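The values are calculated or read from the model by the stated rules, or taken from the named source; none is laboratory data. What you see is a predicted model, and the numbers here were worked out from it, not measured in a lab. Every residue, glycine among them, receives a Cβ derived from its backbone with ideal geometry; neighbour counts consider all protein chains shown. Ligands, DNA and RNA are stripped out before the accessible areas are found, and what is left, the full protein with its side chains, is counted by its heavy atoms. Shrake-Rupley method; radii C 1.70, N 1.55, O 1.52, S 1.80 Å.
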Amino acid sequence: MPRVVILTGGNIGDVKSRLQSAQQLINERVGAVLRCSHRYETAPWGFGAGGAAPFSNQVMEVSTDLAPEQVLDALQRIECELGRDRGAEARDRERTGERYSSRKIDIDILFYGDEVISTERLQVPHPLIAEREFVLLPLCEILRTKRHPVTGRSAAEMLDELKKRCAAVGPDAGPRRDGGGRKQNES
């Protein structure tokens, strides 16, 4: 049975509760959740979030008998049930001119086994894994040796490379693109 690696996150409302609900729904509708990272809190990534709340993100590994696009469909239904409003997000991005925006919930497929998938609806592995510390920190917690099927680099190697790139830019280079991150207590 294939294993899919999923990232959940959000920064609006009761994110902790919403991520717990997402995990439960994924377990019911996508497949058994085998491992789940702690939640990591990070600054918003990819948009000038003046005053936006930090994001909480979590990675899980799931055993599934669904095909990749079936996983995507199930995850998008879960997002909708948990309050994601893509229309409102699009209006916010149009208003601000930013590529990304705050959201109640976001669920992404990072890996589907070792498959490389490129369709109009789905890109797997997720194309920005190596650029996002908020993905790599929780990914390394549960799947440190997981190798990217295209680059061959492990999650740990990608995180080390990202940290070196960020350090080379220096502290006075403005906001970090990687979002910086810290593990959250589970209380």
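Where is the GNM fluctuation largest for the chain (alpha-carbon springs, 10 angstrom cutoff): Pro127, Pro44, Pro149? Most flexible of the set in this elastic network: Pro127. Is it possible to state the helix-based mean residue ellipticity at 222 nm for the chain, with each DSSP H run of 4+ residues giving -39500 (n - 2.57), the sum divided by total residues, to the nearest 500 deg cm²/dmol? What is it? Calculated at 222 nm, the ellipticity per residue is -11000 deg cm²/dmol. In the elastic network of the chain, a GNM with C-alpha springs shorter than 10 Å, the most mobile of Arg132, Arg39, Arg93 is Arg93.
With the alpha-carbon atoms of segment 1-106 aligned to their principal axes, the span from lowest to highest coordinate is 43, 26, 20 Å, starting with the largest. Per-residue extension of 0.36 nm, minus the Cα-Cα distance of Glu115 and Glu89, leaves a gain of 6.4 nm for this segment.
Here semi-axes √(5λ) of the Cα gyration tensor in Å was calculated from the structure, and among (1) 47, 20, 16; (2) 24, 21, 16; (3) 37, 29, 14 it sits at label (2). Per residue, the accessible area of the chain comes to 51 Å² when a 1.4 Å probe rolls over the protein heavy atoms. Taking the chain as a Gaussian network of alpha-carbon nodes connected by springs under 10 Å, the highest mean-square fluctuation of the residues Leu110, Leu128, Leu19 belongs to Leu128. Rg over Rh for segment 68-178 works out to 1.00, both radii taken from alpha-carbon positions and Rh defined as the Kirkwood radius. For segment 100-131, the list of GluC sites (Glu not before Pro) that fall in a loop by DSSP and count at most 10 other C-beta atoms within 10 angstrom reads Glu120.
Packing around the peptides 82-89, 137-144, taken as the average count of other Cβ atoms within 10 Å per residue, puts them in this order, highest first: 137-144, 82-89.
Element breakdown for the chain at a 1.4 angstrom probe: carbon and sulfur atoms account for 47% of the accessible area. Note on Lys164: accessible area is roughly 150 Å² with a 1.4 Å probe, heavy atoms of protein only.
Note on the chain: with charges restricted to the Cβ of Lys and Arg (+1) and Asp and Glu (-1), its dipole about the Cα centre is near 380 debye.
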